[in-house]
Amino acid sequence: MENKSHAFWAGLFTIVLLGAIATAAFLFNVDRAVRVPYDLIARTNVTGLFTDAAVRYRGLDVGKVQSIKFDRAHPGQIVIRILVDTHAPITHSTFGSLGFQGVTGIAFIQLDDTGRDPSPLASSPKQVAQLPMRPGLLDQLQQRGDVLLKKLEKVTDDVDNLLSQEMVDQLHGTAASIQKAADGVATLTQQMAPAAGKLPATIDKLDRTLVSTNQLITSLNRTDGPFEMNLNKVGTAAQQAGDALTQMNGSLQELSARVGYDTLPRVNSLAEDVRSAARSVDRAADTFSTSPRSVFFGAPTAAPGPGEAGFTWPATSAGK
């Protein structure tokens, strides 16, 4: 009897313990967050996405995927029902895309917002709002795969053209030209070696020349130097020449004054005397030409004029 009672109580304890563990696990795993349903409309592949996958808004967990199904009204379109926390800022410009967790291939829903329309987007179980599903990175790569392949083919063709025989010959010619140029540089370096060896001595001579030039300039700038003394001598000689010119100018002015005040009046008087003598000679010549006998008998007496004694009017001609 006692063995049966112990077995009963042991079995009852085991059942109660299992029930407590199950209740605790249920309570800890129950999600009590209040979420709002949204439908993501996808027209691309949703590879790697499963039910209960995470829903993140710019990296933060805001919900989970409730269901994934085809849209019977629009063939080829997939409807993804997600449950999003009420505190998530879902607006009219919010969109979803497919993200992947590392290299595992497990996908999740990544929500983002363009910011064009910041007004909140209301949703409820009776009237579920829809959000657009944009292509993810892999979808974009798949869509651009043809373009990338064409560009890759073009690059391959360019590489083939680059490695053609003609281009290889040109590269060989270029390499040969570069080698010739290098040989020329080496030869020039060898020829310049003697000049480079003489360069220190030349620099020393140039330094000595610069020192001598500096000394010359210093001596020229000295007030008691030969250059300044010679300039002073030249200035003294020029001043003496100026004094001599001044004296000569004074002598010339004095000579001019003497000529103007003494010599010229005498010359004028002599000229007047010469003119008087010339007039006398002219009168004598006229007298001799009109009356040559006046040289022996003297000049005839002048006829009396009107009003003088013995004046007679000349007789008029008979015709008048």
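The values are calculated or read from the model by the stated rules, or taken from the named source; none is laboratory data. Being a predicted model, the structure only gives us computed values, none of them experimental. Backbone-built Cβ (ideal geometry, glycine too); neighbour counts: all protein chains shown.
Some notes on this structure:
- Gly76 fulfils the conditions (1) in a loop (DSSP other than H, G, I, E, B); (2) surrounded by 16 or more Cβ atoms within 10 Å (Cβ to Cβ) except for a single criterion, (2).
- Val159 vs. criteria at pLDDT below 80 and either under 28 Å from Ile68 (Cβ atoms) or among the basic types (Lys, Arg) (or both): no
- Of all the criteria given as (1) touching a strand residue (DSSP E or B) at 6+ places or on another chain (Cβ under 7 Å); (2) loosely packed, with under 10 Cβ neighbours inside 10 Å; (3) modelled with pLDDT under 80, the one not satisfied by Gly136 is (2).
- Checked against the criterion of being of a type in the set (Asp, Glu), modelled with pLDDT of 75 or more, surrounded by 11 or more Cβ atoms within 10 Å (Cβ to Cβ) and more than 60 Å from the chain's Cα centre (by Cα), the candidates Asp39, Asp85, Asp71, Asp61 yield just one match: Asp71.
- Any hit, segment 165-176, residues being surrounded by 10 or more Cβ atoms within 10 Å (Cβ to Cβ), touching a Phe, Trp or Tyr at 6+ places or on another chain (Cβ under 8 Å) and either of a type in the set (A, V, I, L, M, F, W, C) or at pLDDT 75 or above (or both): no
- Number of residues in segment 36-67 that are touching a strand residue (DSSP E or B) at 6+ places or on another chain (Cβ under 7 Å), in a strand (DSSP E or B) and farther than 12 Å from Gly99 by Cα equals 14.
- Test set (1) surrounded by 10 or more Cβ atoms within 10 Å (Cβ to Cβ); (2) under 41 Å from the mean Cα position of the chain (by Cα) - Val147 fails condition number: (1)
- If you go through segment 108-128 and pick out every residue that is assigned to a strand (DSSP E or B) and either in contact with a Cys (Cβ under 8 Å, 6 or more places away or on another chain) or crowded, with 16+ Cβ neighbours inside 10 Å (or both), you end up with 5.
- Selection count, segment 93-107, where residues are polar (S, T, N, Q) and either surrounded by 14 or more Cβ atoms within 10 Å (Cβ to Cβ) or in a strand (DSSP E or B) (or both): 3
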